[in-house]
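Colleague: Below you'll find the structure I mean.
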Amino acid sequence: MKKLDLAGSWRLSDKVGQVEIPAELPGDNFSALLSQGRIPDPYWADHELQCQWVGRTDWIYRRTFHVMEDFLGHESIFLNCESLDTIATVLINHREIARSADAFSRLRVEVKHALHSGENSIELHFASAELTAAHLAEKAGRPISHSAFPVQSPHRNFVRKAQCHGGWDWGPCLMVSGAYGALYLGASSVGRIEYVTTRQVHHTDKVELAVTVEFHAAAAVETHLEIEIDGRVLKHKVRLQSGLNRLDDVVVIDHPRLWWPRGYGKQPLYELRVRIGGDECVKRIGLRTLHIHNEADAHGKSMVVVVNGRPVFCKGANWIPADALPARQTRAVVADLIESAVAANMNMLRVWGGGQYESDDFYDLCDEHGLLVWQDFMFSCALYPADNDFLSEVRREVTHQIKRLRDHTCIALWCGDNECIGALTWFPESKKNRDRYLIDFIKLNEGVLGSAVRENDPDRIFWPSSPCGGPGDFSDCWHDDSSGDMHYWGVWHEGKPFSEYLKIFPRFCSEFGFQSYPSLDSLRTYTPDGQWNISAPAIDHHQRHAGGNARIIETLAKYFRFPDGLENFVYMSQVMQALAIQTAAEHWRRLRPRCMGVLYWQLNDVWPGSSWSSLEYGGKWKLLHYAAKRFFAPVLLSFTPLSNGVAEIWGTSDLADSAEGELTVRIFDFAGRKLDQIIMTATLGADESKMLHRISVDALPGTAAGAFFVAEWTVNGGKLTAVHVNEDFKKISLPAARITHSAVPCGKDFDIHLSTDAPAFWVSLDTAGLRGVFDDNGFLLLPGEPRVVRWTNKADAHSPDFSERITVNHIRNTYL
């Protein structure tokens, strides 16, 4: 196989010729226009509004390329476009050779007939997806609704592109077009590999790996098929017919090294090489069994991921695209986000249905790091068409994506959509004529998506929708916590208190969240001088959830004294977000095995702004991410809130072995005086959650409201800490703690030494303008107990002024 790479320099113009600029492919038109100064930065202030014309314009990418005679001498020459976003027509030498209307489908088409020796031209014409969607909506003859947001491209559900490109309640409306992934001409006289897929059959001491090769032959021919894995090579002759051939073989791997999710074991990967007809496919395969137990029990119906026979408690977050501009979704950016997820003790990410099927880089990294992937198909928060053309397009899309992705060990399940069954109850037309729209849902969901999974990846479960009770069970899993996966939004959307989380007993919570503002570093990237105020236009423009600011302000006033100034307001919003999610996550982990999964909304951001993320745009950790590192730890120590005069200390373990160590519980007043201390030995079994100790308030000196608890458990060579305050912080007279700090260089990193003269809660360190991460943040600092916090530098250069960049904040410091 010879390849002529078409990546690199192109020319981009609008259809009427008013714009012509250089552009890079793979890439997108917004990024090209921005780099040439033809649009303002859409992430700055409200400049997004000035860029909406781009999505309503038709665009053309052009370039020339040289073809040698020997290249033309091959029997088959094809064009490979991994992703054309979205309504595309391809011309070679001004001759139309293909059309595509799905950003999620690979285009491969024979083009030899359109080529000649020497200089050739190629054009990619992109019609406006927004205008195309409007035309399709009008043509549909009846309303097919979708959720809408402050800046919105209408009818996004009619076109097969990332739904969040049309705007969401955490991101901009940028209807990009462009080409992503591999873009090349391939030439062969034998043919090309279309897909290689595998199936595993596990025995006591071996794995039979069935390998299926789909090969497109240029003509009838005899050649060799060669399969290599684990030092073994199978090679034999095969006779191919012209067109698509399916070839099957089995290779046996003795004494297999099993792949495990993060925290449950190692992640060995076997390199699989398949060679045929001069073409080669290389994959890395992890050997493991995986099943989803979705069975009736005393509580309803379970949802448990079982890997290699062991139930796994899934801990993680929802993943959205790494950037609103596809050109910025580089491997380095994706790797940084995934490494932060791993550092926070996560073992699962949910690729959410309003985004995109991710790049190979994403799934490769999840394979390597042991992150399971809950994979949605790309449908979200909408009704969808069910005409034959739409369903046929979707079938091609999902068939390709299943075959592309199914050998990634990380993928745990295929899920039909995000909240589309719930959407039937959101819109007037579907509420009025539910049966009509329900039939459309079933035709798409079960008729296309479910059947495609069963046909192309029969060993994985098809989970019809998120949330739902499981296959065939479309329970109201926003309010019913007894079956399958749940989306619980009562605290954020309905303004319920954090204590409401403790009344929910999900089997697997795949969505819940609470917003915060990003750091001052992030605010500086989109806020002009003179607008450093939460309700100023620029900051308000980057708050995409209607009522989001009001919800944050209202909740702050409920639990805390109101902060003074923007910096303190931002910090307190992050404290509140971390406290909300921690309350839920700790409670749901204590429920194991009744609950076996906690995925909060959301891990990352597509642009800088207010959102539910724990990682800001650019990858900076919010206080929530530091809290997640603690509440997702393999062994968790936590308190239950005071109830009937009793507080309980719980241990929760995801380990295969028991844990035992000395547990110390200290009771302090808010001046820092120790009122009491309890020392005991605590033991926790494998994969167990249980109450370790119960404290009666009646036995405490003073009152519970005037005290806080600190539990420390020395176990498995480390020390776990849990803190419990019995009263809302707004009602507590906190002392004005004075914290001193100093920084000591450790190569490119720094150790920060901290001490205080009074208890300081949710101590937060920041390093203005510097890329790095602390080993802990948002913690309790006690008098007489200095701490050292390591800051790891994520930039290339040493910062000589590091000490001047450090800021330290805590709750009492935020108000007068």
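The values are calculated or read from the model by the stated rules, or taken from the named source; none is laboratory data. Remember, predicted model here, so these are calculated numbers, not experimental data. In this analysis, Cβ positions are derived from the backbone assuming ideal geometry, glycine residues included, and neighbour counts consider all displayed protein chains. Only protein heavy atoms, including side chains, enter the accessible area calculation; ligands, DNA and RNA are left aside. Shrake-Rupley method; radii C 1.70, N 1.55, O 1.52, S 1.80 Å.
Colleague: Radius of gyration and Dmax for segment 241-322's Cα atoms, expressed in Å?
Modeller: Answer for segment 241-322, Rg first and Dmax second: 18.5, 57 Å.
Colleague: Now for a different question. Amide H of ALA758 versus every other amide H placed in the peptide plane: which residues, excluding those fewer than 5 positions away on the same chain, fall under 5 Å?
Modeller: ARG738
Colleague: Work out the FRET efficiency for ASP796 and ARG246 from their Cβ-Cβ distance, taking R0 = 56 Å, and round it to the nearest 0.05.
Modeller: Result of the calculation: an efficiency of 0.70.
Colleague: Another question, then. Provide, for segment 206-359, the number of lysine pairs with alpha carbons under 19 Å apart, each pair being eight or more places apart or on different chains.
Modeller: Taking the Cα cut-off of 19 Å, the pair count is 4.
Colleague: Label segment 252-370 by shape, choosing from rounded, prolate and oblate, from the square roots a ≥ b ≥ c of the eigenvalues of the Cα gyration tensor; if a/c is under 1.5 it is rounded, and otherwise prolate applies when a/b is larger than b/c, oblate when it is not.
Modeller: Here segment 252-370 falls in the oblate category.
Colleague: Between the DSSP loop rule and a limit of at most 11 other Cβ atoms within 10 Å, which trypsin sites (Lys or Arg not before Pro) in segment 478-558 are left?
Modeller: Hits after loop and neighbour filter: nothing returned.
Colleague: Just want the answer: with Cβ charges of +1 for Lys and Arg and -1 for Asp and Glu, which residue in TRP478, PRO506, GLY565 is farthest toward the dipole's positive end in segment 470-608?
Modeller: PRO506
Colleague: Assign one of three labels to segment 433-479, namely rounded, prolate or oblate, based on the Cα gyration tensor with a ≥ b ≥ c the square roots of its eigenvalues; rounded applies when a/c is under 1.5, prolate when it is not and a/b is larger than b/c, and oblate otherwise.
Modeller: Verdict is oblate for segment 433-479.
Colleague: Now, a different point. Relative to 2.2 N^0.38 Å, what does the C-alpha radius of gyration of segment 47-205 come to as a ratio? Two decimals please.
Modeller: 1.31
Colleague: Ignoring ligands, DNA and RNA, what percent of the 1.4 Å accessible area of the chain is carbon and sulfur?
Modeller: Looking at the chain in its full context, I get 50 percent from C and S.
Colleague: Okay, moving on. Classify segment 617-744 as rounded, prolate or oblate, taking a ≥ b ≥ c as the square roots of the eigenvalues of its Cα gyration tensor: rounded when a/c is under 1.5, otherwise prolate if a/b is larger than b/c and oblate if not.
Modeller: In terms of gyration-tensor shape, oblate.
Colleague: With a bin width of 10 angstrom, please list the P(r) values of segment 77-131 as percents of all Cα-Cα pairs, from the 0 bin to the one holding the largest distance.
Modeller: So the P(r) values, bin by bin, are 24, 52, 21, 3.
Colleague: Taking a probe of 1.4 Å, how large is the accessible area per residue of the chain, in Å²?
Modeller: With the other protein chains kept in place, the chain gives 37 Å² per residue.
Colleague: Follow-up question, since we're still on this one. With θ set to phi - 60° and the Karplus curve 6.51 cos²θ - 1.76 cosθ + 1.60, what are the ³J(HN,Hα) couplings of segment 249-259 in order, to the nearest whole Hz, using x for Gly and Pro?
Modeller: Residue by residue, segment 249-259 yields 8, 10, 10, 9, 10, 7, 6, x, 8, 7, 8 Hz.
Colleague: Now, a different point. Less than 17 Å apart at the alpha-carbon level, and either on another chain or at least 8 residues along: which lysines does that give for LYS620?
Modeller: Here the lysines satisfying the reach criterion relative to LYS620 are LYS629, LYS794.
Colleague: List the pair-distance distribution P(r) of the chain, using every Cα-Cα distance, as the percent of pairs falling in each 10 Å bin from 0 up to the bin containing the longest distance, rounded to whole percents.
Modeller: 2, 12, 21, 25, 20, 12, 5, 2, 0, 0
Colleague: Going toward the positive end of the dipole of segment 195-250, with +1 on Lys and Arg Cβ and -1 on Asp and Glu Cβ, which of LEU225, LEU240, HIS202 do you reach last?
Modeller: Projecting each Cα onto the dipole axis, the largest value belongs to LEU240.
Colleague: Another one. Sequence gap at least 6, Cα distance under 8 Å: using those rules, report the relative contact order of segment 238-317 to the nearest whole percent.
Modeller: Computed value for segment 238-317: 19 percent relative contact order.
Colleague: Still on this structure: Only four residue types carry charge here, +1 at the Cβ of Lys and Arg and -1 at the Cβ of Asp and Glu. Report the dipole size of the chain about the Cα centre in Debye, rounded to the nearest 20.
Modeller: For this selection, approximately 540 debye.
Colleague: Provide the per-residue ³J(HN,Hα) series for segment 169-180, in order, calculated from phi with Karplus coefficients 6.51, -1.76, 1.60 and θ = phi - 60°, each as a whole number of Hz, with x at glycine and proline positions.
Modeller: Result, ordered by residue: 8, 9, x, x, 9, 10, 7, 5, 9, x, 10, 10 Hz.
Colleague: Non-local amide H neighbours of ARG262 (under 5 Å, H modeled in plane, Pro and chain starts lacking H): which ones?
Modeller: HN-HN under 5 Å from ARG262: LEU371, LEU372.
Colleague: Can I ask one more? Treating cross-link reach as a plain straight distance, find the lysines whose alpha-carbon is under 21 Å from the alpha-carbon of LYS112, omitting any fewer than eight places away in the same chain.
Modeller: LYS2, LYS3
Colleague: Still on this structure, I have one more. Relative to the longest principal axis of the chain, what angle (0 to 90°, nearest 10) does the C-alpha long axis of helix 548-559 take?
Modeller: 20 degrees
Colleague: Same structure, new question: Which is farthest toward the positive dipole end of the chain among TYR815, LEU33, ALA536, measuring Cα position about the Cα centre, with Cβ charges +1 (Lys, Arg) and -1 (Asp, Glu)?
Modeller: The residue sitting most towards the positive pole is TYR815.
Colleague: ³J(HN,Hα) across segment 318-326 via Karplus (A = 6.51, B = -1.76, C = 1.60, θ = phi - 60°), whole Hz, x for Gly/Pro?
Modeller: Karplus values, whole Hz, x for Gly and Pro: 8, 9, 10, x, 6, 6, 6, 9, x.
Colleague: Using a Förster distance of 25 angstrom, determine the FRET efficiency expected from the C-beta separation of SER643 and GLN677, and round it to 0.05.
Modeller: Working from the Cβ atoms, E equals 0.65.
Colleague: Taking the 0 to 90 degree range and rounding to the nearest ten, how far is the long axis of helix 360-369 tilted relative to the main principal axis of the chain, both from C-alpha atoms?
Modeller: 40 degrees
Colleague: Counting other Cβ atoms within 10 Å of each Cβ, which GluC sites (Glu not before Pro) in segment 245-329 have at most 15 and sit in a DSSP loop?
Modeller: For GluC sites (Glu not before Pro) across segment 245-329 that sit outside H, G, I, E and B with at most 15 neighbouring Cβ atoms in 10 Å, the list reads GLU295.
Colleague: Then there is this: When only Cα pairs under 8 Å and 6 or more residues apart are kept, what is the percent relative contact order across segment 541-624?
Modeller: 26 percent
Colleague: Using only Cα atoms, find the angle between the long axis of helix 331-343 and the longest principal axis of the chain, and express it within 0 to 90 degrees, rounded to the nearest 10.
Modeller: 30 degrees
Colleague: Considering the convex hull of the alpha carbon atoms of segment 451-523, report its projected area averaged over all viewing directions, in nm², one decimal.
Modeller: Mean orientational projected area (segment 451-523, Cα hull): 7.7 nm².
Colleague: Using Cα positions and a limit of under 30 Å, work out the lysines in reach of LYS432, with same-chain residues fewer than 8 apart set aside.
Modeller: LYS139, LYS161, LYS443, LYS496
Colleague: Still on this structure: Scan segment 619-669 for GluC sites (Glu not before Pro) in coil per DSSP, keeping those whose Cβ has at most 12 other Cβ atoms within 10 Å, and list them by number.
Modeller: Filter output for segment 619-669: empty list.
Colleague: Given N residues in segment 134-191, what is Rg(Cα) / (2.2 N^0.38 Å)?
Modeller: Relative to the 2.2 N^0.38 Å estimate, segment 134-191 comes out at 1.64.
Colleague: I've got another one for you. Can you tell me what percent of all Cα-Cα pairs in segment 407-459 are more than 18 Å apart?
Modeller: 43 percent
Colleague: For segment 581-724, what does the relative contact order come out to in percent, with C-alpha contacts under 8 Å and a separation of six or more?
Modeller: It comes to 21 percent, rounded to a whole number.
Colleague: Counting only Cα, what are the radius of gyration and maximum Cα-Cα distance Dmax of segment 525-665, in Å?
Modeller: Cα only, segment 525-665: 18.1, 57 Å (Rg, Dmax).
Colleague: Bins of 5 Å, beginning at zero and ending with the bin holding the largest distance: percent of Cα pairs per bin for segment 1-137, please.
Modeller: 2, 9, 18, 21, 19, 14, 8, 5, 3, 1, 0
Colleague: If you don't mind, another one. How much length is gained if the chain between ALA343 and LEU49 is pulled fully straight, taking 0.36 nm per residue apart and subtracting their Cα-Cα distance, in nm to one decimal?
Modeller: Extending this stretch completely gives an extra 102.2 nm.
Colleague: For LEU72, project a label point 7 Å along Cα to C-beta. Then give me every residue of segment 97-118 with its amide nitrogen under 19 Å of that point.
Modeller: Only 97, 110-118 fall inside the zone, counting backbone N under 19 Å.
Colleague: Could I ask something else about it? Calculate the tail of P(r) for segment 193-336: the fraction of all Cα-Cα distances greater than 23 Å, expressed in %.
Modeller: Within segment 193-336, distances greater than 23 Å cover 56 percent of Cα pairs.
Colleague: What is the dipole size for segment 274-416, taken about its Cα centre, with +1 at each Lys and Arg Cβ and -1 at each Asp and Glu Cβ, in debye to the nearest 20?
Modeller: Its charge dipole is roughly 380 debye.
Colleague: 5 Å is the cut-off here: which amide hydrogens, built 1.01 Å from N in the peptide plane, fall below it relative to LEU642, excluding neighbours closer than 5 in sequence?
Modeller: none
Colleague: Going 7 Å from the Cα of LYS2 along its beta-carbon direction, which residues of segment 278-305 have the amide nitrogen within less than 16 Å of the resulting point?
Modeller: The answer is 278-279, whose backbone nitrogens lie closer than 16 Å to the label point.
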